[in-house]
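Data first, discussion second: the structure below is written as structure tokens.
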Amino acid sequence: MIEREQVLHVAKLARLGLSDEEVETMAGELSGILEHVDRIAALDLDDVEPTTHVVELENVVRPDVPHESLSPDVALASAPDPEGGAFRVPSPQAEE
Amino acid sequence: MKELLALTALEAHEAMVAGELDASEYAEAWRAAAAGDELNAYLWRDEDGDAPGIAVERPSVAPIAVKDIFCTEGVPTTAGSRILEGYRPPYTATAVRKLIEAGAPILGKTNMDEFAMGSSNENSAYGPVLNPWDRSRVPGGSSGGSAAVVAGGLAPWAIGTDTGGSIRQPAALCGIVGLKPTYGAISRYGMIAFASSLDQCGPFTRTVGDAALLLAILQGRDPCDSTSIGLPEAPRLPDREDLSGLRFAVPAELASDAIEPGVRVVFEATLAKIEGLGGEIAEAPLPHAEHGISAYYVLAPAEASSNLARYDGVRYGMRAPSSGDVIEMYEATRAEGFGAEVKRRIMLGTYALSSGYYDAYYGQAQKVRTKIAGDFKSAFDDFDFVVTPTSPSVAFGLGEKTDDPLAMYLNDFFTVPMSLAGIPAISIPAGLAEPSGGGPQLPVGFQIAAPAFAEQKLLDAAHALEKAIGFDARPQGVPGG
Amino acid sequence: MAELEAVIGLEIHVQLATRTKMFCGCELSFGDEPNVHTCPICLAHPGVLPVVNEQAIHYALKIAAALECEVAPRSIFHRKNYFYPDSPKAYQISQYDIPIAGAGRLGDVRIHRAHLEEDAAKMIHVGESGRIHGSGASLVDFNRGGTPLVEIVTEPDLRSAAEAAAWARLLRETVRQLGVSDVNMEEGSLRVDGNISMRPVGSEELGTKTELKNMNSFRFLERGIEAELVRQRGLIEAGEKVEQETLHFHPEDGSLHPLRSKEEAHDYRYFPEPDLVAIAPTEEMLREARESLPELPAARAQRYQDELDLPEDVAALLAADPETAGYFEQTSKEASGVEPRVVANWVTGELAAALRQEGREASASESKVEPAALASLISMVQEKKISHGSGKTVLAALVAEGGEPATIVEREGLAQISDSGELDSIVAAAIEANPEAAEQIRAGNGKAIGAIVGAVMKETKGRADGGEVNRLIKEKLGD
Ligand SMILES: [Mg+2]
Ligand SMILES: [Zn+2]
């Protein structure tokens, strides 16, 4: 069962603004889904290797050779708030 | 020669090679057909075939519809999300580049569930796609638009992506062929990520032969995708006529009673056709497959929660107006830019990865994944293929399952295990069945799964079965045969 | 209260001097226009994928070899998830539970681990802005974003600020000589953070540690750590607790300020990066890394002590930079028959002094003094052809104009008086000239001899051998 507080904490981690009613419905829906998901918690898999992905490749690398970078105007073409060749954002809360 | 739009992509291709068909006229005819989209299947169309960045100089292959999850330089790419409204990528996905280089004009970008999260296409920020067989029903998802344009006579073929069934399920619900190749067969570069360890590009076609032709164009190792491998050899056109000497496994555990009676009937009939072609049918254990959904709905949202974190209103896409600091901007932008299902999965995935829960959820799900892959491995020791219905039901009604996420997730019951194992699986139309609630008959898909990189064998068998089934039904007013 | 000791560990971020970034082909740069070295990958556009830079792996393996680390047979990358405008993907690709390099050591400090990751972008605060009340705005420049980093973490083996700074210098020299980084603290290609705690001497467990950041020079590193040690000692002695926190060092006034965290909830939700495969160094990769290593300061200093039996401090001084070391080795090769110890003293002593005299910043290797020249000068002095004093005079001339010591000795007439007859009469004359000194010496006051020796040296312009002069005086004044 997911509590309201947990929903708020996770939403904070995910940087998701949720309305009060979204928080409520979310708590119910997540609980329902996790209840189903929790079936796998019962399985005894202690000595099973986890699978990150099915590809068995190793050492896939690229040579240290420059490619052409984007021109600044293209790089900033879809920026919501470009300024002086840079991406402008509201400042993070002061660090000190 | 058949009516132009009735040709399969392969027939059209052969006619072009033989000089009997002008590729440009053919592409023009399809652009005209695409313009008649009444299914909300296209989000963008290249009306005159001259969109800079993706235009094809001299067409030599059938034109194609591309799921809006593939980045196309200078051409709107939204992944069905509000947060990418108006976004025009500065680059083109490898899969699309290969199509263009092969001479396949891009007809347009198809509608989809937001960031490929959904099984009904009702999660698109741009409205649901309608099923060409019955416009009151869903086409399936997440690649609903790509399935609908091929089934609805708006494109000769299309590409989509499959993470837990997003090609196979809509192909089944729209009565066409859908192939999810082995993970790593086709580059993921430029394919907007949902769940990186599961996402795979694949074809939507009318026939298995078309699927083979399209796979041959798309597959291959890509230096831009560290997890891409390509196929051991370029796919040939399938020509097998029988199934003698081949063993088909029916997973005992997946004989779920959630299967609609009509779907079950078609499935049984198809098994009989396999035996008629000399194939052998037997039950095989896949003990962990039933936990596929649980593992999938931990792993996919976990990866998604990280993949979708980049949509923060800083470098591209929408930014919601907000006062205060950057955190408020993030929260406002993501609250406004994402739809309900995407938020749900971001929450689910963030929770599953958060400290204290990782081992119980993400770690455990990764182990279940290992077990499921192991189940298939041992099944393929005795069998050539594993077969199931593609979807437990035929196309369901719009809005029927929207308020029950779990019920929606269970649509992927038969398709998720193959995704987790990374093996290839194809859905071919096997017949028509009446929906449990009654109503006009709708397509039923038959899924065949093969060992990793055994695409050729899979296509050959599917081709033989396709011939035996002889499915030639088409939605109202769609040229075919 | 028991005596307290400092327990210091360092975390060092080294920017690798590859041509391109860690996961894309954008060129590395410093001080260019903003966002001219960006692409869809390092701007984290939808659908892009990272591909590992081969050279970054090679450089990391060189560092691992230089620090005598165990290399992981199979290391993987993780995603470190956090939202911040300098992190375009909102996760940093970094090695987490299986770093490429494990336990190692440099000098007498143990290395805990070294791992590969990518650097963040640069943010410039631009102050208040009309549209955004309350907080100002910042500009983000992604040129630096994605620069390859090797993060080196030491065990808490350092016991003082000075020790920490000295070791950091050794690490800097070592990495510089590997040729894998500019290691410039001011430009940020070398960034050193400190993990600092105190504990009663003899105690084994660690006290609560603080993390110290933003010390962008070795001087500041030492001052910052010193300041934090003083602060912690004060707290503990006042019976208060040290809070676990991150502190920012302010060079202007040497003050320390607690840093508020980027995410109020520090939960990075690490998980294996599904877009990358494992790094499993082959025998060949490891050999290439090993074989590309030059002789490094620590090893060279050890060799000087063991083989040339130089004292530890002199050995370290000579070994620090390869040019000086090469100069020293060349000189002692030329000066056959002279003890390396003597040559070392000339290089680190007289020559260094003479160069400073001349106001030359130039190192020995860049000076006008050829190793061969210095070698023959040292030999002359050893063989008493000239006095040690004259030796310094000649060295000064060599520093100023270069050339051959012999010719300078000739020109300046500095050759030692070898004809004892001549010296004998000069000594006699000096005694004549200083009767009272002579008297005192006869009376047994040895000190008085100085006056007469001085007179002789004045007369001979220092060309006489002091020992010989003393002998003659004593002989004549019979004692
Ligand atoms: Mg780091
Ligand atoms: Zn780049």
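General observations
- Each label point was placed 7 Å from the Cα along the Cα-to-Cβ direction; for C:ARG233 and C:GLU3 their separation is 1.3 nm.
- The Rg/Rh ratio of the stretch C:331-393, with Rg taken over Cα atoms and Rh as the Kirkwood radius over Cα pairs, comes to 0.94.
- Debye, to nearest 20: dipole size of the stretch B:158-246, +1 on Lys, Arg Cβ, -1 on Asp, Glu Cβ: 140
- Prolate/oblate/rounded call for the stretch B:337-433, Cα gyration tensor, a/c under 1.5 rounded: oblate
- Globularity index of chain A, i.e. its alpha-carbon radius of gyration over 2.2 N^0.38 Å: 1.81
- Placing unit charges on the Cβ atoms of the charged side chains and taking the dipole of the stretch C:1-76 about its Cα centre, the candidate lying farthest along the positive direction among C:VAL14, C:ALA56, C:PRO40 is C:PRO40.
- Which of B:VAL177, B:THR227, B:PHE414, positive extreme of dipole for chain B (C-beta unit charges): B:THR227
- Rounded to the nearest 20, the Cβ-based charge dipole of chain C about its Cα centre (Lys and Arg +1, Asp and Glu -1) stands at 400 debye.
- Fully extended contour minus Cα-Cα distance, from C:GLU404 to C:ARG74, at 0.36 nm per residue: 112.9 nm
- Euclidean distance between Cα centres, the stretch C:308-333 to the stretch B:145-159, Å: 77
- Computed from the Cβ-Cβ distance with R0 of 35 Å, the FRET efficiency linking B:GLU290 to B:GLN476 stands at 0.35.
- Rounded to the nearest 20, the size of the Cβ-charge dipole of the protein assembly as shown about its Cα centre is 560 debye, with Lys and Arg at +1 and Asp and Glu at -1.
- Charge sum, other residues only, whose C-beta stays under 13 Å from B:THR110's C-beta, Lys/Arg counted +1 and Asp/Glu -1: -1
- Distance between the modelled labels on B:SER323 and C:ASP321, one decimal in nanometres: 5.8 nm (7 Å Cα→Cβ projection).
- Geometric extent, Cα atoms of the stretch B:296-351 - Rg, Dmax (angstrom): 11.8, 38
- Straight-distance candidates among the lysines for linking to C:LYS122, with alpha-carbon spacing under 18 Å and chain neighbours fewer than 8 residues away dropped: C:LYS21, C:LYS89, C:LYS213, C:LYS262.
- Global form of the protein assembly as shown, assessed from the alpha-carbon gyration tensor, a/c cut-off 1.5: prolate
- Taking the DSSP beta bridges with both ends in chain B, the antiparallel portion is around 70 percent.
- Using the Cβ-Cβ distance between A:HIS67 and C:VAL153 with R0 set to 35 Å, the FRET efficiency from 1/(1 + (r/R0)^6) comes to roughly 0.60.
- Taking Cβ atoms as reference points and 9 Å as the exclusive limit, the residues near C:PRO274 contribute a net charge of -2, counting Lys and Arg as +1 and Asp and Glu as -1.
- Think of it as helices only: each DSSP H run of n ≥ 4 in chain B is worth -39500 (n - 2.57), and spread over all residues that comes to -10000 deg cm²/dmol at 222 nm.
- Residue-averaged 222 nm ellipticity for chain C, from DSSP H runs of 4+ at -39500 (n - 2.57), nearest 500: -12000 deg cm²/dmol
- Cβ-derived FRET efficiency at R0 25 Å, B:SER355 paired with A:ASP47, nearest 0.05: 0.55
- Principal semi-axes in Å for the stretch B:1-153 [√(5λ), Cα gyration tensor, largest first]: 26, 19, 11
- Whole-Å distance, taken between Cα centres, linking the stretch B:334-413 and the stretch A:39-96: 23
- The stretch C:335-479 - Rg and Dmax from Cα coordinates, angstrom: 17.8, 54
- Partners for B:LYS98 among lysines (Cα-Cα distance below 26 Å; same-chain residues under 8 apart left out): B:LYS67, B:LYS109, B:LYS180, B:LYS457
- Residues of type lysines that C:LYS384 reaches as a straight line, Cα spacing below 26 Å, ignoring anything fewer than 8 places off in the same chain: C:LYS333, C:LYS368, C:LYS392, C:LYS447, C:LYS458, C:LYS461, C:LYS474, C:LYS476
- The stretch B:82-114 residues near the modelled B:SER24 label - backbone nitrogen below 20 Å, point 7 Å along Cα→Cβ: B:100-108
- Chain C shape via C-alpha gyration tensor axes, a/c threshold 1.5: prolate
- Over the Cα atoms of the stretch B:228-300, the radius of gyration divided by the Kirkwood radius equals 1.07; this is the Rg/Rh ratio.
Values in this text are rule-based calculations from the coordinates and carry no lab data. Worth saying up front: this structure is predicted, and the values here are computed from it rather than measured. Positions of Cβ are backbone-derived with ideal geometry, glycine not excepted, and every protein chain shown enters the neighbour counts.
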